[in-house]
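*Asks:* I am attaching a structure below and will ask some questions about it afterwards.
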Amino acid sequence: MEIGTFELLKTEEQARRGRFMTAHGEVQTPVFMNVGTQGAIKGALDAFDLKEVGCQIELSNTYHLHVRPGDQIVRQMGGLHRFMRWDGPMLTDSGGFQVFSLATLRKIKEEGVYFHSHVDGRKIFMGPEESMRIQSNLGSDIAMAFDECIENPAPREYVKASIDRTTRWLRRCKEELERLNSLPETVNPHQLLFGINQGGTYDDLRAEHMQEIATLDLPGYAIGGLAVGESTDVMYHILDVTLPHAPQHKPRYLMGVGTPSNIIEGVARGIDFFDCVMPTRNARHGHLFTHDGILNIMNAKYQTDDRPIEEGCQCPTCRRFSRAYLRHLLKAGEMLSQRLLVTHNLWFYNHLMEEIREALDNGAFGAYRAANSEKMAKRI
C-alpha cells in the first residue's frame, strides 16, 4: 500500500472500516489517537507503555514542542519519533487550537498569529509556513493544516471571514509542505497534510467549506471547531450536514472528541480518526471508563473493594490491582496512581476501537452501538 493511501474495507450505513498507510506503518480505522502533548503521555506513560496499551497512532502538539524544547532541538535529535522512542504512526496538530485556547495571548492577522508564550511571555509568530516548518522538524507522519478554531457560537460574518482565511492558509500550508518534503535534509519526506473544515455551527458554511477544501485533494480531512462549548446534539448535527461533502476515499478526523459514546456516535456518522485528552485527564482525577459507564474511584464505597476497575479487563492495572488500592494511591497523592489509572483508560479507549472495528468487520456495528453508546455514558 502506498503512503497516504486510504482503503475503505467495509461500510455499514454511514460507518466505515478502513486502513490508512503512513511512513511509519499502517493504521486500522476507526482509530483513537493517544495524546502525548509534549512527547509524553500525562500520567507518566512512555512510548513503550503506549505499545502495551494497544496504541496505534500517537499525537503531539506543535505549539508546545516549539516552545520547549524547541523544534530545532527535536530535529537535531533526529525527529520526534527518535527523540521519544515511538516507532509507530504519529500526527502533530498545527498550533491552530492554541489560537483558540490562548485567546488572551494572541492577535490574528492575515499573515498568521502573534502569540505571547504561555511559559515565559516571549513573542512568537506562527503562520501557515511556520507551522509546516515546525511540523517538518518534528517529522510526524501527518501534519495538520494551520487554521483558526472558532468559538461557538460566533457571529456569522466573523465565521465566514475566518473560514475564508483558513482556506487561504491551507493553500499556503500545502505549498510549503510540498517544498519542505522535497528538501534533502527533511526528517520525514513522506509527511502528509490533512486539511481542517471550520464553519462554526452554520450548516451551509460547514458544507461549503468542506466542498471547497475537498478540491485540494489532500490525503485526509478533519472537522475542527467542535466540542468547544456547543451541545452534543449540535455537534452530531454538524457532522450529519458536513460529512456528505467530505471525500469518500480519504480519512475523516473529528478533532478533540471525546467520550466513548461520542466516539461510537461519530463512527456511526462516518468518522475514522479521533483524539481527546479526556481519557488521560479524567483518569488523573479518578474518573475511569468501563463498559458499564464511568466510575469515580474516589467514592467511599470503593475503600475496601477488592475487585479490579472492571471485571474481565485485561489492562495491566486491572490484572494486578484493586479498586481499594487505587483509591488509596489517589487519595494519598501518590504518583503511581496517575500511571495506573491513565493506563486503564487508554487501554479501554484503544480496545473500544478494536471492538468497533470487529463489529464493523462482522456487520454488527448497529447492534454494538445500540448496546453500548448510551450505557457507556452513564455514571456508575
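The values are calculated or read from the model by the stated rules, or taken from the named source; none is laboratory data. Everything numeric in this text was worked out from a predicted model, so none of it was measured. Every residue, glycine among them, receives a Cβ derived from its backbone with ideal geometry; neighbour counts consider all protein chains shown.
*Asks:* Restricting segment 168-188 to residues that are assigned to a loop (DSSP other than H, G, I, E, B) and in contact (Cβ under 8 Å) with a residue 40 or more places away in the chain, which is nearest to Arg75 (Cα to Cα)?
*Replies:* So, considering only residues that are assigned to a loop (DSSP other than H, G, I, E, B) and in contact (Cβ under 8 Å) with a residue 40 or more places away in the chain, the one nearest to Arg75 (Cα to Cα) is Val187.
*Asks:* Quick check on Ala268: is it more than 18 Å from Cys173 (Cβ to Cβ), assigned by TED's automatic domain parsing to the domain that holds Val31, crowded, with 19+ Cβ neighbours inside 10 Å and of a type outside the set (Val, Ile, Thr)? Reasoning before the result, please.
*Replies:* Details: more than 18 Å from Cys173 (Cβ to Cβ): yes; assigned by TED's automatic domain parsing to the domain that holds Val31: yes; crowded, with 19+ Cβ neighbours inside 10 Å: yes; of a type outside the set (Val, Ile, Thr): yes.
In short, yes.
A quick yes/no check of all residues on (1) at pLDDT below 95; (2) surrounded by 23 or more Cβ atoms within 10 Å (Cβ to Cβ); (3) part of a helix (DSSP H, G or I):
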residue	(1), (2), (3)
Asp49	no, no, yes
Cys55	no, yes, no
Pro69	no, no, no
Val74	no, yes, yes
Gly78	no, no, no
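*Asks:* Also, I was wondering about something else. Being at pLDDT below 95 and not acidic (Asp, Glu) narrows it down to one of Thr37, Thr22, Thr92, Thr29, so name that one.
*Replies:* Exactly one residue qualifies, and that residue is Thr37.
*Asks:* Quick one: Ile380 ticks every box in (1) more than 30 Å from Leu9 (Cβ to Cβ); (2) at pLDDT 95 or above bar one, so which box is it?
*Replies:* So the condition that Ile380 fails would be (2).
*Asks:* Also, I was wondering about something else. List every residue pair whose Cβ atoms lie under 9 Å apart, where the two residues are 6 or more positions apart in sequence or sit on different chains, the first residue falls within segment 42-65 and is of a type in the set (Lys, Arg), and the second residue, located anywhere, is part of a helix (DSSP H, G or I).
*Replies:* Once the first residue is of a type in the set (Lys, Arg) and sits in segment 42-65, its partners that are part of a helix (DSSP H, G or I) give Lys42/Thr280; Lys42/Arg281; Lys42/Arg284; Lys42/Gln338; Lys42/Val342.
*Asks:* Looking at Val67, Val35, which one is more than 19 Å from the chain's Cα centre (by Cα) and either of a type in the set (Asp, Glu) or assigned by TED's automatic domain parsing to the domain that holds Asn262 (or both)? First the steps, then the outcome.
*Replies:* Numbers: Val35 fails: more than 19 Å from the chain's Cα centre (by Cα).
It is Val67.
*Asks:* Here's a follow-up. Going through segment 212-235 one residue at a time, which ones are in a loop (DSSP other than H, G, I, E, B) and touching a Pro at 6+ places or on another chain (Cβ under 9 Å)? So that I can check it myself, show each step before the final result.
*Replies:* Of segment 212-235, the ones in a loop (DSSP other than H, G, I, E, B) are 215-219, 224-231.
Answer for segment 212-235, where residues must be in a loop (DSSP other than H, G, I, E, B) and touching a Pro at 6+ places or on another chain (Cβ under 9 Å): Asp217, Leu218, Pro219, Gly229, Glu230.
*Asks:* Right, next: Looking only at segment 227-242, which residues are in contact (Cβ under 8 Å) with a residue 60 or more places away in the chain and closer than 26 Å to Arg19 by Cβ?
*Replies:* Passing the criteria: none in range.
*Asks:* Okay, moving on. Select from segment 1-40 the residues that are part of a loop (DSSP other than H, G, I, E, B) and among the polar types (S, T, N, Q) and write down the one among them that is surrounded by the most Cβ atoms within 10 Å (Cβ to Cβ).
*Replies:* Result: Thr37.
*Asks:* Could you tell me whether any residue of segment 202-211 is surrounded by 14 or more Cβ atoms within 10 Å (Cβ to Cβ), at pLDDT below 95 and either assigned to a loop (DSSP other than H, G, I, E, B) or in contact with a helix residue (DSSP H, G or I) (Cβ under 9 Å, 6 or more places away or on another chain) (or both)?
*Replies:* No, the conditions are met nowhere in segment 202-211.
*Asks:* Which residues, counting only those in segment 351-380, are part of a helix (DSSP H, G or I) and either in contact with a Pro (Cβ under 9 Å, 6 or more places away or on another chain) or crowded, with 21+ Cβ neighbours inside 10 Å (or both)? Steps first, answer last, please.
*Replies:* If we filter segment 351-380 for residues that are part of a helix (DSSP H, G or I), which is where we start, we get 351-361, 365-372, 375-377.
Of everything in segment 351-380, those that are part of a helix (DSSP H, G or I) and either in contact with a Pro (Cβ under 9 Å, 6 or more places away or on another chain) or crowded, with 21+ Cβ neighbours inside 10 Å (or both) turn out to be Leu352, Met353, Ile356, Arg357, Ala359, Leu360, Phe365, Asn372, Met376, Ala377.
*Asks:* Give the residue, chosen from Ile213, Ile309, that is in contact (Cβ under 8 Å) with a residue 24 or more places away in the chain, more than 15 Å from Pro30 (Cα to Cα) and in contact with a Cys (Cβ under 7 Å, 6 or more places away or on another chain).
*Replies:* From the options Ile213, Ile309, the qualifying one is Ile309.
*Asks:* OK, next. Only one residue in Phe146, Phe125 is among the aromatic types (Phe, Trp, Tyr) and more than 22 Å from the chain's Cα centre (by Cα). Which one?
*Replies:* Result: Phe125 is the single residue among Phe146, Phe125 that is among the aromatic types (Phe, Trp, Tyr) and more than 22 Å from the chain's Cα centre (by Cα).
*Asks:* In segment 144-167, how many are over 15 Å from Met255 (Cβ atoms) and assigned to a loop (DSSP other than H, G, I, E, B)?
*Replies:* So the answer is 3.
*Asks:* Looking at Asp93, Asp87, can you tell me which residue is surrounded by 15 or more Cβ atoms within 10 Å (Cβ to Cβ) and acidic (Asp, Glu)? Outline the logic, then answer.
*Replies:* Working: Asp87 fails: surrounded by 15 or more Cβ atoms within 10 Å (Cβ to Cβ).
So the residue among Asp93, Asp87 that is surrounded by 15 or more Cβ atoms within 10 Å (Cβ to Cβ) and acidic (Asp, Glu) is Asp93.
*Asks:* Answer yes if at least one residue in segment 305-315 is at positive phi, in a loop (DSSP other than H, G, I, E, B) and not charged (D, E, K, R), and no otherwise.
*Replies:* Checked segment 305-315: at least one residue is at positive phi, in a loop (DSSP other than H, G, I, E, B) and not charged (D, E, K, R).
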